[in-house]
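Asks: I'd like to ask you about the structure that follows.
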Amino acid sequence: MDYDNQGSSPGRILNGDLETLTLQSTLKMLALGSKTGVLRVESGNERLLIHLQDGAIVSLEEQGIPDPDLLGLFRAMGRLGADQLMRIPQDARRDLPSVIQILVNMGVMDPAEELQRRAYLVVQALSRAVRWDRGRFEFVREASNVRRTGGMYTPSAAQPLNVDHVVLEALRLADEREHMRVRPAPRTTRVRKAVPSGEDPRLNGLTNEELWIYTLAEEDRPLYAIAYARLVPEAVAGETMTKLLERGLVLLVDERLDRDLEQDLAGVMTQSRAQLEQVPRTAPGQLMLALTQVMGDCANSLLAHHARFARALRARGAVSPLEAVRYIDHIAGPLVNSIQAGYPRMDELIHVDRGRLIYDDVKGLDRVVKGQELISCYWDAVRMMHATVREFYEMVISEELGAARGGKPFDELWRAFLRELDYEMGRLYQWYTREIG
């Protein structure tokens, strides 16, 4: 351990390793000396910057950990309306201290809660760091800066945190975490609801706080942000999340799996659009058959995709191809029967078997039907296939991603595919009405 600027870093007055001097001891030493500056602490991939002013903590930064989206959390909790959100400048929304000060000035949050939220972030970070037994630290003289934004200022923003108080609270939380019976989910855990609508009868057995954790759980929202929203210890929120996972109410977000899922769906959409572009715009009857083929192939590609990525299958771990096929038959068969009921002339012409949509009888209509009846049957068939491929897509997306579909590349490709299909369907409808009279 070195004192008084021993080393190459200008302004450094203290540095060493955590095996020699613990973080809590270092902080108490700086507090007794009424030091002002920045204490940098690192252990493995974790890094903290602790800003002190006259021996008290002003703020703490966790490098590499994005700040919680407090505006999104407050919207989800019903504490912030759309009209209030519009009054917050876009540039301020990216900075948590600025957001908090604006919310205080708007009356959404009082100064006591502001102080509580600032203390919360410090204590949660220290509750992990006080258990670091390896790593290094250094303290550098640096003028402390109290956060001010756009001329707005709130008194509690300048109120430093007592080192003894936050260290004792951090040690208490660390002890509680180590004695938990249920292993808390990691603080960066992200989940999605197992039932996309959120209407799951198993929710009836949850406590009020567990319901809040479940309600705020979204795939782009890490666990530490949910804990911050409710101001509950991260370990307690992690314990609740573990219970939700064990009960099957939520599913872990697997970034690699989700990336593969999105790429596979994008491939399905790209292939379907390319196939549609190759359809010859010849006789209307032939165009109807060609569109039927495009939509049938797209539907089967969606079913094949779903056999690999369905959440109901993922939740069970590795499944055999036979199990996946049975699952597809179970969910897609009734859906096809329901769609087919709306087109009486198409009765039993399509069905799902062995994980695939079978529609060969549609392509052979000209062998059993002639004249205007054939035209009407073709028109019903192409509309039925149009409804089928749309329903399959909605089923796949709802079951695999829930509300997380927005803005994804595959969804843009899907909408483009639909626009092109709808254009062709519009042309065919004009021809159909002329022919039938």
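Asks: Would you pull out the residues with amide H under 5 Å of THR189's amide H, same chain only if 5 or more places away, H placed 1.01 Å from N?
Replies: Distant-sequence amide H within range of THR189: LEU223, TYR224.
Asks: How long is the gain from ASP83 to ARG134 if the chain were fully straight, where each residue apart is worth 0.36 nm and the alpha carbon distance is subtracted? Don't jump to the answer; show the numbers that get you there.
Replies: Values: separation 51, 0.36 × 51 = 18.36 nm, distance 4.86 nm.
Contour length minus Cα-Cα distance gives 13.5 nm.
Asks: Once the Cβ-Cβ distance between GLN90 and ARG367 is put in as r, and R0 is 51 Å, what FRET efficiency do you end up with, to the nearest 0.05? Present the calculation step by step, with values, prior to reporting the outcome.
Replies: On the way: r = 63 Å, r/R0 = 1.23.
So the FRET efficiency works out to roughly 0.20.
Asks: Among GLY107, GLN24, PHE74, whose Cα lies farthest out toward the positive end of the dipole of the chain, if unit charges sit on the beta carbon of Lys, Arg (+1) and Asp, Glu (-1)?
Replies: Looking along the dipole axis, the top candidate is GLY107.
Asks: Moving to a separate point now. Take LEU211 and GLU394, extend 7 Å from each Cα along the Cα→Cβ direction, and tell me the distance between the two endpoints in nm.
Replies: Calculated label separation equals 2.9 nm.
Asks: At R0 = 41 Å, how high is the FRET efficiency between ARG172 and ARG75 if r is their beta carbon distance? Nearest 0.05 is fine.
Replies: Working: r = 32 Å, r/R0 = 0.78.
Calculated transfer efficiency: 0.80.
Asks: If you don't mind, there's one more thing I want to ask. Around GLN116, with a cut-off of 13 angstrom between Cβ atoms, what is the net charge of the other residues, counting Lys and Arg +1 and Asp and Glu -1? Present the calculation step by step, with values, prior to reporting the outcome.
Replies: Numbers: positive: ARG117, ARG118, ARG230; negative: ASP110, GLU113, GLU114, GLU169.
Taking every Cβ under 13 Å from that of GLN116, the sum is -1.
Asks: Please give the charge dipole size of the range 320-366, origin at the Cα centre, charges +1 on K and R Cβ atoms and -1 on D and E Cβ atoms. Round to the nearest 20 debye. Before the final figure, lay out the partial values.
Replies: Working: 5 positive and 8 negative charges, 28 e Å.
That gives a dipole near 140 debye.
Asks: Now a separate question. To the nearest 10 degrees, how steep is helix 111-129 against the longest Cα principal axis of the chain, on a 0 to 90 scale?
Replies: Its long axis makes an angle of about 90 degrees.
Asks: When the helices in the chain are scored as -39500 (n - 2.57) per DSSP H run of 4 or longer and the sum is shared across all residues, what 222 nm value do you end up with, to the nearest 500 deg cm²/dmol? Write out the running numbers ahead of the final one.
Replies: On the way: 16 runs with 233 residues, N = 437.
Result for the chain, helices only: -17500 deg cm²/dmol.
Asks: Whole number please: convex hull volume per residue, Cα atoms of the chain, in Å³.
Replies: On the way: hull volume 86.1 nm³, N = 437.
Roughly 197 Å³ of hull volume per residue.
Asks: For TRP431 and ASP17 in one chain, what is 0.36 nm times their gap in residues minus the Cα-Cα distance, to one decimal in nm?
Replies: Values: separation 414, 0.36 × 414 = 149.04 nm, distance 8.10 nm.
Full-extension gain reported as 140.9 nm.
Asks: With θ taken as phi - 60° and the coefficients 6.51, -1.76 and 1.60, list the Karplus ³J(HN,Hα) couplings across the range 51-66 in order, rounded to whole Hz; mark glycine and proline as x.
Replies: 8, 10, 9, 6, x, 10, 7, 8, 7, 9, 10, 9, 5, x, 10, x
Asks: Still on this structure, I have one more. In whole angstrom, note down how far apart the Cα centers of the range 354-380 and the range 279-301 are.
Replies: Going from one Cα centre to the other spans 12 Å.
Asks: Continuing with this model, one more query. Considering the dipole of the chain built from charges on the beta carbon (Lys and Arg +1, Asp and Glu -1) around the Cα centre, which of LEU231, VAL250, PRO344 is farthest to its positive end?
Replies: Going by the Cα projections, it comes out as LEU231.
Asks: Pull up all non-local amide H partners of VAL352: gap of 5 or more, or a different chain, and H-to-H distance under 5 Å with H placed in the peptide plane.
Replies: Residues meeting the criterion, in which the H sits 1.01 Å from N, are ILE358.
Asks: With +1 assigned to the C-beta of every Lys and Arg and -1 to the C-beta of every Asp and Glu, and no other charges, what is the dipole magnitude of the chain about the Cα centre in debye, to the nearest 20?
Replies: Working: 55 positive and 63 negative charges, 35 e Å.
Here the chain has a charge dipole of around 160 debye.
Coordinate-derived values only; no laboratory data. Only a predicted model underlies this, so the values are computations on that prediction, with no experimental measurement involved. Virtual Cβ from ideal backbone geometry, glycine too; neighbours counted across all protein chains shown.
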